[in-house]
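S.K.: Sharing a structure below in structure tokens format, with a few things to ask.
The values are calculated or read from the model by the stated rules, or taken from the named source; none is laboratory data. Note that the structure is predicted; figures quoted are calculated from it, not measured. Reconstructed Cβ throughout: ideal geometry from the backbone, glycine too, with neighbour counts over all protein chains shown. Ligands, DNA and RNA are stripped out before the accessible areas are found, and what is left, the full protein with its side chains, is counted by its heavy atoms. Shrake-Rupley method; radii C 1.70, N 1.55, O 1.52, S 1.80 Å.
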Amino acid sequence: MPGKLKAKIVAGRHLPVMDRASDLTDAFVEVKFGNTTFKTDVFPKSLNPQWNSEWFKFEVDDEDLQDEPLQITVLDHDTYSANDAIGKVYIDIDPLLSSEAATVISGWFPIYDTIHGIRGEINVLVKVDLFNDLNRFRQSSCGVRFFCTTSIPLCYRAVVVHGFVEELVVNEDPEYQWIDRIRTPRASNEARQRLISLMSGELQRKIGLKVLEMGGNAVVGYLQCFDLEGESGLVVRAIGTACTLEKLSGGGATNNAQHTANSSPSKDMKEPVFGDECPSNPLSSGPSTPLRAPPFTSFSPSKSYSRQSSSSDTDISLTPKTGMGSGGSAGKEAGPLKILLRQQTQTALEQREFPFFTLTSFPQGFLLHVAGVVSARSVKLLDRIHNPDEPETRDAWWEELRQEIKSHARALGCHAVVGYSESTSICEEVCILSASGTAAVLNCRFLQDGCLDVLSEHSRGVVVFFCNRCDDSAPPGCGFCHVPYDELNMPFPAQLSPCCCCHRTKVPDVLFTTIDLPTDAQVTGKGCLIQARLCRLKKKSQGEGNATCISNLLPFLEYELHTQLLNKLKLCGMNALFGLCIQISVGENMLVGLASATGVYLSALPSPGGIQIAGKTPNDLTYDQHVSSIQRKINDTIVKNRELYEIHITEVAEDVIGSPIPEPRQRSRLFRSHSESSDELSELDLSHGKKDAFVLEIDDTDAVEDLHSLLTDAPTPPGFYSCNTEIMPGIYNWTSAIQMFTSVRVFRLNNANLTNLGLNKIFNELCENLLKSLYFKLRSMVPCCLCRLNFTVAVPEDELIQVAVTAVAMSFHKDQTQEANKAAQAHSQMKAIAETEEQLQFPLELNAESASPLSPKGSAPSVDYSSFADRCSSWIEQLRLRAHTIRRGSIKTSSSPLPEGRSRSLRSTRSFPGSSVSVVKMTPLSFIPGAKIVKYLGIINMFFIRETTSLREEGGVSGFLHAFIAEVFAMVRAHVAALGGNAVVSYSMKECVFMENPNKNQAQCLINVSGDAVIFTRESDQEGHLPQTSHPQPTEDTPP
Amino acid sequence: MSVELDVFVGNTTIMDQEVYQLWLSGYTVGDAVKVRMDGGVLDGCDASAEVLRSDTMDQFRTFQMCERLLHNPAKLANQLLFQIPPDRQAMLIDRYYAFDDAFVREVLGKKLSKGTKKDLDDVSSKTGILLKSCRRQFDNFKRVFKVVEELKGPLVENIRQHLLLSDRLARDYAAIVFFANHRFETGKKKLQYLTFQDFAFCAGELISHWTVGAMDNQLEDMDVDLDKEFLQDLKELKVLITDKDLLDQHKSLVCTALRSKTKVFAEMEASFKNLSRGLINIAAKLTNTKDVRDLFIDLVEKFIEPCRSDRWVTIDVNLYLTHYINSAHILDTFKHQAVWNSLWDELFKMLTDIQHVTVCFLVKMGMVASGASAAAEGTRATAASSEEPVPVHPTQFTTSISFSFRDMLNVGCRAWPHSGSQAC
């Protein structure tokens, strides 16, 4: 019995009128957890009831704590008839189960009804007292943290990356149970919402168990999906990467580090100065080597940077932290490396069943080589899940697919797959399972237990890299491009040429990957969103025939998407794709494929050749003219695009934006995973001449199609950039203005007998128009970049195509010249100093608020930072104690005093005076520009159903969906605010299933969203400004 | 092929002020798109009309969803559905509650009932304001009326607090509510020359001097209702016209004071009794609700028009009324000290208000007259040109009016430069 859940219902507001006679409501609340239910008193005749209930206490197993949501139902009391439900709130209490996440949930939650939407708000307080359970055979996994973010969360560092975890839970879909015939739509929707909430709780618990088994304490890149298989059931599955994370005591790194990181791999060299617990964050991006340790003091002579040993960091500080070695090699890591076992090598990876990683960005040095995208698809026929407790079939299906991926990766000479993801598309009883990732060779050192006290956010890897220079490694800027596979034994035909950066090894002519652009990659110019879109008609059929038909079509579809991508890439004058995501959706009479990626020009790869058009019928003059006019058009476009994206290849050396390292260190040895073939430059350079050998023949319809899609893509309007990755190469100076949005469009194809060609055109236009609309809407943010443009396509019905986009628009400062760029770097470097200053200053300043905040704070060099902070924060708490600032019960055994103290101090900053609704930012990225994330509060994973039987009255399908999406946003924001957060990062809308029946005036929509709730603090704009730690005032997103 | 569904939802709600205005003005999506196109919003953007249409639709939908919240502005601040920065919220509210002067002029003083609402299409066709917009404005009046109806305390402050309106809007709404409550007649042809702002000024004067709240500070403040006791007391003024001696005495006092101070002295002397009778009669009848309604039309008919026909200018009227009130005061202290003393303050208040109001009306008259025969009016206007109209000039007066008045004076000055020295 290791947990006590306590809930208190404080008040309600804006309740709907339930009693027409009095225009008021007699509201009361039921609080349910598991099978226990409590009720508040009825608060008569009010739309703003004040219940102020007692604490309702639930004594439960932690297993239940993980699985079950807290269910709060607001009802209207009715003396004579049954009480009417006003709506519900489901609260996932998982964030309260980890000592490092939130400690209390307190705030206004929208009361949600699946038929009426949001109906007022309710103020709730939830706490958990957790007793430690040391039972080895326990079924719970409390304390394992989950992150949607597909990189090591800022303000954490990974001690070990354990590897792939997956789990899958199945159940019957309540919508298809017999009882659904007799219950109301509301009851059915609620049953579904509740079931999915339960299942995802269970799934997380099970994954957590696996993580604990592996010795980890967190899952990063957690990706959970629902498969609504209709009749045959409901599948909830999840994948992720198990890690052992450790909190950086100094609070988070800023994103600055992340996006400026592009420029120079060694910019974060100051890190080692501070040691592991350094309260600073590696956001500086100064020029490379000179920025090493010593200069720091000169920048800020008044600061003391002496190491403060932290009591909280229990881990690996075994090694005496010798001072930073001068120059390029960090002596620091040598210690742990020596101590720890080294017997594991690459075999460590191979021993694993699936050496997969859901992460898309990695610490430097982690990724050695990237070979290319590996993907596998399979078409399955669904049948009823007979025994929900043994989801073997589904498991087996995925197992198969993963094996295939693994073997693909092997064929590419790689032992791991990174940026791995899985998805499904279901139509009737046919299901397409897809898995894809990027085959890669990793630095095994990062995967060994305990070996790695270095792997953390970007900076640290560099240290590893340098200290491991005796080991296999490649130059930082181009190393990952080098082909890992055997040149003489290539798995597929490719043209290899010497690396343009180091000229030592071979690189492919193009590189496709599913990961984010590595921060140290050398890129020329800017990137852009590249999409391939394709529709294919398919005969309507049933069962096995249908499945066969689809599987026959699939390879062609993929091939064509690939060709399209390649063409468009060349048209943009680029040579690599990142964040590639190929979606194939199946409908009754068509297959829709959409591939999105961000194209960049990697300096290491050879310059892409042009595209040549060839006609097959010679001697036809008009035809030749036609061909040549197209050719001209294409050539013009390429030139224009190069201009647009600032790709000036002739002067590569100067144009590698933000890369102060002129030339990466040459390395003679090349790491090869499988083969030891020659990596000399002696062979004939055959590939050079092939550059322009990319020929399109326009005689067959396919080519015409290709051409068409090539030339109809409108360029992004001036001032706009777009990408589907986290960061846009070439843009560093973001402003704090961000605007996350979701846009959904559904097209009806009225024309019954469309050809493939016509269909393609329509689909293409749909996507193009959608993009144009976005650009127009966001025109006030110019110059701006749409990041993480995430398109999802679906074919919900016979003649419908649905496209949903979620992205974030971020504006940046215009001065993008080299100088400005450098200035920005210097600036951020200065900021870094200011930052550390703040960090040190924080406790002091709070301690003596009356004192000048800018007083030199070098006075406490030898103070134990953590306890100091702790003291201060509790002191602050006395000052700002508020009703909802509730500490955990004393029974709880906290792991260390520091996180506790820290969390309290943050907690006390919670309530923003003034505005009653705090601003919550949302972004699909893992960072917030100009701010640093100081705390992760827990994962947000919510599932909503909305249904209406009065579609017309609610403004038609658009009105209905618009309101629903707004409601979903509102509920996400409310939950984050209640956890004490002010932003959601790595937000994504995983599912948006929309069904309508206009004839019956009905519609239904299911939305699943997820993300990480965080607290961020804004970097003050002026240097030396007060740290805002005590008042994380969220700044507004820019108004358009 | 058709777009079945098209939505865009931002975490921070995106709102274009221009589109908001179009929506408020009652445009349909199609018309709004046309207006935006003509306004050149697409210039410099590579976007089609379709894109514009989609954007307009989205925003219109957003506004529609917000409308519910705007009906209760306090809700907008702590609702969770839309994340709108505070300055945007203020903009939304202010624009939503803004109204067209042309429209308000039509319904000012009318009962805010269903019947009036039904007639809105007439108002719409008369003013050229789209019916949808008329309805919104009318509903706003009604809503504000309902909110403050039952509330105690100063009207303007109530409106500002409960509806989060700006100072100016709150004052205007106070006027609307006040007029609607007393159903003051404002629609007669003779009153057509007055703008809403003129009436709003009058309402402000009446609210601050004639209402229960004004009389009895603090306690049971009710700004909406006129003070019955005060109106009852006004009846006592009748003695000024019924008592022949008093009337004569009053006249001589006023005339003595005015002699040689105005060009229209002869006319003043001649019409003194008529005017005094007119004024006192209006005051005495105010206990009657019907007559309260006719306050403004009576003032115009019984006082302002005679003045106008005698070619008085504002300054003359102002002088006349000042002395009228002062002399009456002297009169009283001579004769009925004991009985009258308590009433004089109130009487004074009433007359001062009437003075303010009539002056205000006359300013407008003067404008009309000057438009008709500038030269003739110019002569008279110059008589007063050296005296600033500011002391009596209502502060709430819209600047445009005072400017035009001043312009008029300037014209006069230029025409008759030598007569500027004739000051009182």
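S.K.: Where only protein heavy atoms count, and the probe is 1.4 Å, what is the accessible area per residue for the stretch A:916-977 in Å²?
M.R.: Working: 1130 Å² over 62 residues.
Roughly 18 Å² per residue, with all protein chains present.
S.K.: Let me ask something else. Considering protein heavy atoms only and a 1.4 Å probe radius, which residues within the stretch A:1-24 exhibit an accessible-area decrease of no less than 10 Å² in the full assembly relative to the chain by itself?
M.R.: A:R13, A:H14
S.K.: Continuing with the same structure: With 25 Å as the limit, write out which pairs from A:K772/A:K1000; A:K380/A:K406; A:K32/A:K935 have Cα-Cα distances beyond it, or answer none.
M.R.: In this structure, A:K772/A:K1000; A:K32/A:K935 exceed 25 Å between Cα atoms.
S.K.: Of all the accessible heavy-atom surface of the stretch A:744-812, with the other protein chains kept in place and a 1.4 Å probe, what percent is carbon and sulfur? If you can, show how the numbers build up before the last one.
M.R.: Numbers: 880 of 1890 Å².
Carbon with sulfur: 46 percent of the solvent-accessible area.
S.K.: Then there's this: State, to one decimal in nm, how far the label point of A:E404 lies from the label point of A:E765, with both points 7 Å from Cα in the Cβ direction.
M.R.: For the pair A:E404/A:E765, the computed spacing is 3.5 nm.
S.K.: OK, next. Just the accessible area per residue of the stretch A:548-650, please: how many Å² with a 1.4 Å probe?
M.R.: 39 Å²
S.K.: When the accessible area of each residue in the stretch B:1-31 is compared between its chain alone and the complete protein assembly (1.4 Å probe; ligands, DNA and RNA ignored), which residues differ by at least 30 Å², being lower in the assembly?
M.R.: Correct list: B:M1, B:S2, B:V3, B:E4, B:L5, B:D6, B:V7, B:F8, B:V9, B:N11, B:T12, B:I14.
S.K.: Pop a pseudo-label 7 angstrom from the Cα along the beta-carbon direction at both A:Q50 and A:T949 and give the gap in nm to one decimal.
M.R.: With each label placed 7 Å out from Cα toward Cβ, I get 3.9 nm.
S.K.: Moving on to the next point. Using amide H atoms built in the peptide plane, which far-off residues or other-chain residues are under 5 Å from A:E726 H to H?
M.R.: Those qualifying (amide H under 5 Å, at least 5 residues apart or on another chain) are A:L517.
S.K.: Given R₀ = 56 Å, FRET efficiency for B:E301-B:Q64 by Cβ-Cβ distance, to 0.05?
M.R.: 0.75
S.K.: So what J values fall out for the stretch A:392-408 if you push phi through Karplus, 6.51 cos²θ - 1.76 cosθ + 1.60 with θ = phi - 60°, rounded to Hz, Gly and Pro as x?
M.R.: For the stretch A:392-408, the Karplus-derived couplings read 5, 4, 4, 4, 5, 4, 5, 4, 3, 5, 5, 4, 5, 4, 4, 5, 4 Hz, x marking Gly and Pro.
S.K.: Step through the table entries A:K6/A:K39; B:K117/B:K190; B:K75/B:K118; B:K244/B:K273; B:K228/B:K285; A:K526/A:K640, compare each Cα-Cα distance with 22 Å, and write down the pairs that go over it.
M.R.: B:K117/B:K190; B:K75/B:K118
S.K.: Report the A-B buried area as the accessible area lost on both sides summed, probe 1.4 Å, in Å² to the nearest 100. Before the final figure, lay out the partial values.
M.R.: Details: alone 38680 and 20690 Å², together 55040 Å².
Roughly 4300 Å².
S.K.: At R0 = 60 Å, how high is the FRET efficiency between B:A102 and B:D245 if r is their beta carbon distance? Nearest 0.05 is fine.
M.R.: 0.75
S.K.: Note down the Stokes-Einstein diffusion coefficient of the stretch B:76-182 in µm²/s, whole number, using a Kirkwood radius over alpha carbon pairs, 20 °C, and 1.002 mPa s.
M.R.: It comes out at roughly 148 µm²/s.
S.K.: Would you calculate the separation in nanometres between label points at A:R181 and A:N756, each defined as 7 Å from the Cα along the Cα-to-beta-carbon direction?
M.R.: Distance between the two pseudo-spin positions: 4.4 nm.
S.K.: While we're here: Going 7 Å from the Cα of A:A82 toward and past its Cβ, which residues in the stretch A:192-236 have a backbone nitrogen under 20 Å from where you end up?
M.R.: Counting only backbone N, you get A:192-195.
S.K.: Based on the Cβ-Cβ distance from A:S541 to B:C45, what FRET efficiency comes out when R0 is 30 Å, to the nearest 0.05?
M.R.: Working from the Cβ atoms, E equals 0.10.
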